[in-house]
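Accompanying notes for the structure given below.
The values are calculated or read from the model by the stated rules, or taken from the named source; none is laboratory data. Everything numeric here is computed off the predicted structure, so don't read it as measured data. As a convention, Cβ positions derive from the backbone with ideal geometry for all residues, glycine included, and neighbour counts pool all protein chains shown.
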Amino acid sequence: MSLRGVIFDMGGTLLHYSPPGQDWAAMERLGAQGVYHYLRALDYELPPEELALGGAWEIAHRLWRSINDRDVSHLTLGNQVRELARQWGVTDLEPEQLEALAEAYMQGIQTIVSPLEGAAETLEALRERGLRLGLISNTLWEGRYHRSDLDRWGLTPYLEVLIFSADVQAWKPYPAVFRRALSALELAPEEAVYVGDSLYFDVYGAQQAGLRGVWIEQERADLPDGLSVTPDATIRRLPELIPLVDQWRNSARGKL
């Protein structure tokens, strides 16, 4: 069956969310810094800043590890900032204050968001080929914030379907979220490719749902112990996806 659609991951695939030259942990520290400064402005007594921010990654990492739990309703940014505040001794926050803390967390990170090299050009080239394009992102943020990032860099018009896990309570690498995107794009699994920077969440998840998985190669594989994943293709830069898609489409036509 011919290739008719491409679905993308977002962070690390279309948009950078980490400070230049730094990793995911640095992003979490930046968000936590916004929360810390907000609480200080409310005159809360907090631990010294460096000590306080040192635990930000562990809180985020613990939440992300719990994606494998049966109940994922706790995977929200509100819970993350609540845990940060609680770690610093702040336990009396009202719902509107938690919402303000979430805003403070995001604002610090959103100032550094930038597109990967060739993101818009790659999306445009694929749309010109008549392919249907979508996005699935594992995220604790409400999708409206990520849409503003995509809007700011002119990527939204190329994407017909945007799915954010916190909005739909469905997470990669599980097949349900891939099926949701396929249904919205009117694609069969064998008609679609998923592109992402995670071998586990993106490539393994896509392959379990019947899609081809393309890996944007990273220095670290970050796979669960005992799991081996072989991508259908590996690229280093987004524009390399264009000739790969052309090759797959031409190969399918040759079999007709």
Mind checking which residues of region 79-96 are more than 19 Å from G54 (Cα to Cα) and buried (at least 17 other Cβ atoms within 10 Å of the Cβ)?
-> L93
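Go over the candidates L227, L211 one by one and state the one that is of a type in the set (A, V, I, L, M, F, W, C) and more than 20 Å from the chain's Cα centre (by Cα). Give the steps one after another, and end with the answer.
On the way: L211 fails: more than 20 Å from the chain's Cα centre (by Cα).
Among L227, L211, only L227 is of a type in the set (A, V, I, L, M, F, W, C) and more than 20 Å from the chain's Cα centre (by Cα).
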Taking region 89-110 as the region of interest, how many residues are over 18 Å from L150 (Cα atoms), assigned to a helix (DSSP H, G or I) and of a type in the set (A, V, I, L, M)?
-> 5
Which condition does Q247 not pass, out of (1) more than 14 Å from the chain's Cα centre (by Cα); (2) crowded, with 18+ Cβ neighbours inside 10 Å, if it passes all the others?
-> (2)
Please go through region 65-88 and pick out each residue that is out of contact with any Pro (no Cβ under 7 Å at 6 or more places or on another chain) and not in a helix (DSSP H, G or I).
-> D69, R70, D71, V72, S73, H74, L75, T76
Note down all Cβ pairs under 6 Å where the first residue falls in region 78-96 and is free of Cβ contacts under 8 Å to residues at least 40 places away in the same chain and outside the structural domain of E49 (by TED's automatic domain parsing), the second is in a loop (DSSP other than H, G, I, E, B) and surrounded by fewer than 18 Cβ atoms within 10 Å (Cβ to Cβ), and they're at least six residues apart or on different chains.
-> none
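Residues that are of a type in the set (D, E), touching a Phe, Trp or Tyr at 6+ places or on another chain (Cβ under 7 Å) and surrounded by fewer than 21 Cβ atoms within 10 Å (Cβ to Cβ): does region 218-235 have at least one?
Here is the first cut: in region 218-235, the ones of a type in the set (D, E) are 219, 222, 225, 232.
Filter once more, keeping what is touching a Phe, Trp or Tyr at 6+ places or on another chain (Cβ under 7 Å): 222.
Then keep just the ones that are surrounded by fewer than 21 Cβ atoms within 10 Å (Cβ to Cβ); that gives 222.
Within region 218-235, one or more residues are of a type in the set (D, E), touching a Phe, Trp or Tyr at 6+ places or on another chain (Cβ under 7 Å) and surrounded by fewer than 21 Cβ atoms within 10 Å (Cβ to Cβ).
Based on what the data block shows, is A120 of a type outside the set (D, E, K, R), surrounded by fewer than 19 Cβ atoms within 10 Å (Cβ to Cβ), in a helix (DSSP H, G or I) and modelled with pLDDT of 95 or more? Lay out the reasoning, then the answer.
Details: of a type outside the set (D, E, K, R): yes; surrounded by fewer than 19 Cβ atoms within 10 Å (Cβ to Cβ): yes; in a helix (DSSP H, G or I): yes; modelled with pLDDT of 95 or more: yes.
So A120 passes the test.
When you go through G55, G12 one by one, which is the residue that is out of contact with any Pro (no Cβ under 7 Å at 6 or more places or on another chain), surrounded by fewer than 20 Cβ atoms within 10 Å (Cβ to Cβ), closer than 24 Å to P224 by Cα and in the same structural domain as F164 (by TED's automatic domain parsing)?
On the way: G55 fails: in the same structural domain as F164 (by TED's automatic domain parsing).
One residue alone meets the criteria, G12.
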Within region 139-247, strands (runs of 3 or more DSSP E) holding 3 or more residues that are closer than 26 Å to G31 by Cα | 161-164
